[in-house]
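The values are calculated or read from the model by the stated rules, or taken from the named source; none is laboratory data. All figures in this text were calculated on a predicted structure; none of them were measured in a lab. Backbone-built Cβ (ideal geometry, glycine too); neighbour counts: all protein chains shown. Ligands, DNA and RNA are stripped out before the accessible areas are found, and what is left, the full protein with its side chains, is counted by its heavy atoms. Shrake-Rupley method; radii C 1.70, N 1.55, O 1.52, S 1.80 Å.
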Amino acid sequence: MEGKLIIFSAPSGSGKTTIVRHLLGLHSQLAFSVSATSRKPRINEKDGVDYYFLTVDDFRKKIEEGEFLEWEEVYAGQYYGTLRSEVERLRNAGMHVVFDIDVVGGVRLKQEFRDDALAIFVQPPSLKILEQRLRKRGTDSEAQLQQRVGKAREELSYAGQFDHTLINNRLEDSLSQAEQLIQNFVRI
């Protein structure tokens with residue numbers, strides 16, 4: 001039996017990665033789809049665990065060869081994408097594949113996999129709170145932070161294209177809601 005897809009998308013800093021990590025720790029039938037990116041690793045990120053870190057040239061070559069289910073140039077020269085081989089490997093093993101993916105990529109995966117995919121949009125309580133979270137994370141320059149906040153404004157307009165919107169105001173509530181959504185979808 002092929003596994004199903006569980007897609008978490010959100011503007012950067014909304015809390016989707018925290019939610020995904022929590023869920024992966026609860027169920028052995030869930031497996032993380034490691035995305036590919038052309039950006040440099042952050043401190044503590046490992047190739048093949050957090051992302052497959054590729055050069056821009058290698059990423060573009062994989063695009064040309066049709067190796068991505070979806071991909072996007074999120075920022076100039078900074079690509080992100082989902083490798084077809086990664087998803088097929090996990091689904092063929094009967095695992096339910098969990099994605100921590102940008103908003104446009106989430107919409108594309110939902111369109112391709114339809115009823116085999118549950119798409120959850122994680123929304124911050126407000127743009128002001130999102131900016132505070134990004135500042136607290138401390139990984140971006142002021143210019144990068146403003147770029148992320150601007151992109152978040154645009155990404156919020158995509159929420160209606162997802163099966164569910166989870167407003168991440170209190171983390172405990174968001175984790176509980178995400179657990180329930182997944183249990184209802186895959187019956188684990």
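Net charge near R42: determine it from the other residues with C-beta under 13 Å of the C-beta of R42, scoring Lys and Arg +1 and Asp and Glu -1. Mind dumping the intermediate values first?
Values: positive: R39, K40, K46, R137; negative: E45, D47, D50, D140.
With Lys, Arg at +1 and Asp, Glu at -1, the net is 0.
Given the peptides 156-165, 80-89, arrange them by the average over their residues of other C-beta atoms within 10 Å, most packed first.
Values: 156-165: 14.7, 80-89: 18.6.
Result, highest mean first: 80-89, 156-165.
On the accessible surface of the chain, probed at 1.4 Å, how many percent belong to carbon and sulfur atoms?
Numbers: 4490 of 9730 Å².
Taking all protein chains in place, the chain shows 46 percent carbon and sulfur surface.
List the lysines whose Cα lies under 20 Å from the Cα of K62, skipping any in the same chain that are fewer than 8 positions away.
K40
For the chain, what does the helix formula give at 222 nm: sum of -39500 (n - 2.57) over DSSP H segments with n ≥ 4, over the residue count, nearest 500 deg cm²/dmol? It would help to have the intermediate numbers written out before the result.
Details: 7 runs with 81 residues, N = 188.
One gets -13000 deg cm²/dmol as the mean residue ellipticity at 222 nm.
Which whole-number value in Å² is the accessible area per residue of the stretch 19-130, probe 1.4 Å?
On the way: 5520 Å² over 112 residues.
Ligands and nucleic acids excluded, the figure is 49 Å² per residue.
Taking every pair of alpha-carbon atoms in the stretch 44-181, give the share separated by more than 20 Å as a whole percent.
56
Residue by residue, what Karplus-based ³J(HN,Hα) values in Hz, rounded to whole numbers, does the stretch 98-110 have, using 6.51, -1.76 and 1.60 with θ = phi - 60° and x for Gly and Pro?
Ordered by residue, 3J(HN,Hα) equals 9, 10, 10, 9, 5, 4, 5, x, x, 5, 4, 5, 4 Hz.
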